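Novice: What follows is a single structure, and I will ask about it in a moment.
The values are calculated or read from the model by the stated rules, or taken from the named source; none is laboratory data. What you see is a predicted model; the values in this text were computed from it and never measured. Don't worry about glycine lacking a Cβ; one is built from the backbone with ideal geometry, like all the others, and counts go over all protein chains shown.
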Amino acid sequence: MDTSKISFGEMVAAASGAALILFMFLPWYGVGGGSVDVPGSDSISTPGVNANAWQVLSYIDILLFLVAALAIALAVARAADAMPGGLPAPPGTIVLAAGALAVLLVLFRIVSVPGPDVEGFEIGRKIGIFLSLIAAGGIAFGGYTAMNERESRAPRRA
(Lines give C-alpha, C1' and ligand atoms only; values in the text may rest on other atoms or scores of the structure.)
Protein backbone atom coordinates (compact mmCIF):
# COMPACT_ATOMS: atom_id res chain seq x y z
CA MET A 1 0.00 0.00 0.00
CA ASP A 2 1.55 3.26 -1.16
CA THR A 3 0.12 6.27 0.66
CA SER A 4 1.99 8.66 -1.62
CA LYS A 5 -0.60 7.91 -4.33
CA ILE A 6 -3.37 9.46 -2.22
CA SER A 7 -4.03 13.10 -3.09
CA PHE A 8 -4.63 15.79 -0.50
CA GLY A 9 -8.36 15.84 -1.27
CA GLU A 10 -8.65 12.08 -0.86
CA MET A 11 -6.85 12.30 2.49
CA VAL A 12 -9.20 15.06 3.66
CA ALA A 13 -12.26 13.07 2.53
CA ALA A 14 -11.05 9.87 4.21
CA ALA A 15 -10.16 11.62 7.48
CA SER A 16 -13.50 13.41 7.45
CA GLY A 17 -15.25 10.10 6.80
CA ALA A 18 -13.55 8.54 9.81
CA ALA A 19 -14.47 11.59 11.89
CA LEU A 20 -18.11 11.38 10.75
CA ILE A 21 -18.34 7.76 11.89
CA LEU A 22 -16.85 8.75 15.25
CA PHE A 23 -19.13 11.78 15.65
CA MET A 24 -22.21 9.66 15.01
CA PHE A 25 -21.56 8.08 18.43
CA LEU A 26 -21.56 11.46 20.21
CA PRO A 27 -24.83 12.92 21.50
CA TRP A 28 -26.88 14.49 18.70
CA TYR A 29 -30.02 15.30 20.64
CA GLY A 30 -30.90 15.75 24.25
CA VAL A 31 -33.98 16.23 26.34
CA GLY A 32 -33.43 18.46 29.29
CA GLY A 33 -34.74 17.40 32.65
CA GLY A 34 -38.11 18.73 33.67
CA SER A 35 -40.94 18.16 36.02
CA VAL A 36 -44.25 16.51 35.25
CA ASP A 37 -47.34 17.18 37.33
CA VAL A 38 -49.10 13.96 38.28
CA PRO A 39 -52.70 14.35 39.45
CA GLY A 40 -53.10 13.39 43.09
CA SER A 41 -49.41 13.63 43.95
CA ASP A 42 -46.41 15.89 43.78
CA SER A 43 -44.61 16.70 40.56
CA ILE A 44 -42.03 14.20 39.36
CA SER A 45 -38.69 15.49 38.15
CA THR A 46 -37.08 13.67 35.24
CA PRO A 47 -33.38 13.55 34.37
CA GLY A 48 -32.02 14.72 31.04
CA VAL A 49 -31.47 12.14 28.32
CA ASN A 50 -29.06 12.25 25.36
CA ALA A 51 -29.21 10.20 22.16
CA ASN A 52 -26.71 9.71 19.35
CA ALA A 53 -27.35 9.30 15.63
CA TRP A 54 -27.56 5.50 15.85
CA GLN A 55 -30.28 5.68 18.50
CA VAL A 56 -32.45 8.39 16.97
CA LEU A 57 -32.24 8.21 13.19
CA SER A 58 -33.98 5.45 11.27
CA TYR A 59 -32.19 5.23 7.92
CA ILE A 60 -30.24 8.49 7.69
CA ASP A 61 -27.61 7.04 10.01
CA ILE A 62 -27.04 4.19 7.56
CA LEU A 63 -26.75 6.61 4.63
CA LEU A 64 -24.25 8.75 6.55
CA PHE A 65 -22.22 5.66 7.41
CA LEU A 66 -22.20 4.58 3.75
CA VAL A 67 -21.00 8.04 2.65
CA ALA A 68 -18.20 7.94 5.22
CA ALA A 69 -17.26 4.38 4.24
CA LEU A 70 -17.21 5.38 0.56
CA ALA A 71 -14.79 8.25 1.24
CA ILE A 72 -12.51 5.96 3.23
CA ALA A 73 -12.75 3.07 0.75
CA LEU A 74 -11.82 5.19 -2.26
CA ALA A 75 -8.73 6.53 -0.49
CA VAL A 76 -7.71 3.00 0.56
CA ALA A 77 -8.32 1.73 -2.99
CA ARG A 78 -6.14 4.52 -4.39
CA ALA A 79 -3.36 3.71 -1.91
CA ALA A 80 -3.58 0.01 -2.73
CA ASP A 81 -3.57 0.81 -6.46
CA ALA A 82 -6.85 -1.09 -6.77
CA MET A 83 -9.21 1.59 -8.08
CA PRO A 84 -12.15 -0.01 -9.88
CA GLY A 85 -12.16 0.78 -13.57
CA GLY A 86 -15.86 0.86 -14.31
CA LEU A 87 -16.89 3.81 -12.15
CA PRO A 88 -19.64 5.98 -13.70
CA ALA A 89 -17.72 9.16 -12.80
CA PRO A 90 -14.28 10.11 -11.49
CA PRO A 91 -13.81 9.11 -7.81
CA GLY A 92 -13.52 12.74 -6.68
CA THR A 93 -16.87 13.56 -8.25
CA ILE A 94 -18.49 10.57 -6.56
CA VAL A 95 -17.09 11.60 -3.16
CA LEU A 96 -18.18 15.20 -3.75
CA ALA A 97 -21.75 14.12 -4.54
CA ALA A 98 -21.87 11.74 -1.57
CA GLY A 99 -20.45 14.42 0.74
CA ALA A 100 -23.00 16.96 -0.48
CA LEU A 101 -25.75 14.42 0.23
CA ALA A 102 -24.37 13.92 3.74
CA VAL A 103 -24.31 17.69 4.35
CA LEU A 104 -27.95 17.94 3.25
CA LEU A 105 -29.00 15.02 5.45
CA VAL A 106 -27.31 16.46 8.54
CA LEU A 107 -28.74 19.93 7.82
CA PHE A 108 -32.19 18.34 7.51
CA ARG A 109 -31.76 16.74 10.93
CA ILE A 110 -30.58 20.05 12.43
CA VAL A 111 -33.70 21.80 11.17
CA SER A 112 -36.15 18.91 11.68
CA VAL A 113 -35.64 17.44 15.13
CA PRO A 114 -36.97 13.87 15.32
CA GLY A 115 -39.44 12.82 17.96
CA PRO A 116 -42.82 13.93 19.20
CA ASP A 117 -43.49 17.34 20.67
CA VAL A 118 -44.28 16.84 24.34
CA GLU A 119 -45.31 19.81 26.41
CA GLY A 120 -42.77 20.60 29.09
CA PHE A 121 -39.88 18.94 27.28
CA GLU A 122 -37.72 20.45 24.60
CA ILE A 123 -35.48 18.33 22.41
CA GLY A 124 -32.22 20.18 21.94
CA ARG A 125 -29.36 19.70 19.55
CA LYS A 126 -26.04 18.55 20.99
CA ILE A 127 -22.43 18.86 19.86
CA GLY A 128 -22.36 15.61 17.88
CA ILE A 129 -24.72 16.84 15.17
CA PHE A 130 -22.70 20.00 14.58
CA LEU A 131 -19.39 18.12 14.46
CA SER A 132 -21.02 15.68 12.02
CA LEU A 133 -22.03 18.61 9.82
CA ILE A 134 -18.40 19.77 9.74
CA ALA A 135 -17.19 16.24 8.94
CA ALA A 136 -19.77 15.87 6.14
CA GLY A 137 -18.61 19.21 4.75
CA GLY A 138 -15.04 17.89 4.94
CA ILE A 139 -16.01 14.89 2.83
CA ALA A 140 -17.58 17.17 0.22
CA PHE A 141 -14.57 19.51 0.29
CA GLY A 142 -12.17 16.57 -0.01
CA GLY A 143 -14.10 15.22 -2.98
CA TYR A 144 -14.11 18.63 -4.65
CA THR A 145 -10.38 19.03 -4.06
CA ALA A 146 -9.62 15.50 -5.26
CA MET A 147 -11.71 16.08 -8.37
CA ASN A 148 -9.74 19.23 -9.21
CA GLU A 149 -6.39 17.64 -8.38
CA ARG A 150 -6.96 14.67 -10.65
CA GLU A 151 -8.21 16.92 -13.47
CA SER A 152 -5.12 19.14 -13.22
CA ARG A 153 -2.84 16.06 -13.36
CA ALA A 154 -4.61 14.57 -16.38
CA PRO A 155 -2.88 15.10 -19.72
CA ARG A 156 -4.47 17.75 -21.90
CA ARG A 157 -6.08 16.61 -25.11
CA ALA A 158 -5.38 18.52 -28.27
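Novice: Can you name the residue in region 74-116 that is modelled with pLDDT of 95 or more and of a type in the set (Gly, Ala, Ser) and, of all such residues, is surrounded by the most Cβ atoms within 10 Å (Cβ to Cβ)?
Specialist: If we take residues in region 74-116 being modelled with pLDDT of 95 or more and of a type in the set (Gly, Ala, Ser), then ALA102 is surrounded by the most Cβ atoms within 10 Å (Cβ to Cβ).
Novice: Among the residues of region 5-20, is there at least one that is exposed (fewer than 15 other Cβ atoms within 10 Å of the Cβ) and at pLDDT below 90?
Specialist: yes
Novice: Among all residue pairs at least 6 apart or on different chains, which show Cβ distances below 8 Å where the first residue, located in region 68-80, is farther than 8 Å from ALA14 by Cα and the second is of a type in the set (Ser, Thr, Tyr)?
Specialist: Going by the 8 Å Cβ cut-off, the qualifying pairs are ARG78/SER7; ALA79/THR3.
Novice: If I ask for residues that are surrounded by 15 or more Cβ atoms within 10 Å (Cβ to Cβ) and either among the charged types (D, E, K, R) or within 14 Å of GLY128 (Cα to Cα) (or both), which ones from region 51-73 would you list?
Specialist: ALA51, ASN52, ALA53, VAL56, LEU57, ASP61, LEU64
Novice: Continuing with this model, one more query. Can you name the residue in region 117-152 that is in contact with a Pro (Cβ under 9 Å, 6 or more places away or on another chain) and surrounded by 14 or more Cβ atoms within 10 Å (Cβ to Cβ) and is also modelled with the lowest pLDDT among such residues? Please lay out each step first, then the result.
Specialist: Quick first cut of region 117-152, residues in contact with a Pro (Cβ under 9 Å, 6 or more places away or on another chain) only: 123, 126-129, 143, 146-147, 150-151.
Restricting the remaining residues to those that are surrounded by 14 or more Cβ atoms within 10 Å (Cβ to Cβ) gives 123, 126, 128-129, 143, 146-147, 150.
Details: ILE123: 78, LYS126: 90, GLY128: 93, ILE129: 94, GLY143: 94, ALA146: 91, MET147: 89, ARG150: 67.
In this case the residue turns out to be ARG150.
Novice: Let me ask something else. Go through region 50-80 and give me each residue that's in a loop (DSSP other than H, G, I, E, B) and farther than 18 Å from VAL103 by Cβ. Break it down into steps so the answer makes sense when it comes.
Specialist: Step one: of region 50-80, the residues in a loop (DSSP other than H, G, I, E, B) are 57-59, 80.
Residues satisfying the conditions are SER58, ALA80.
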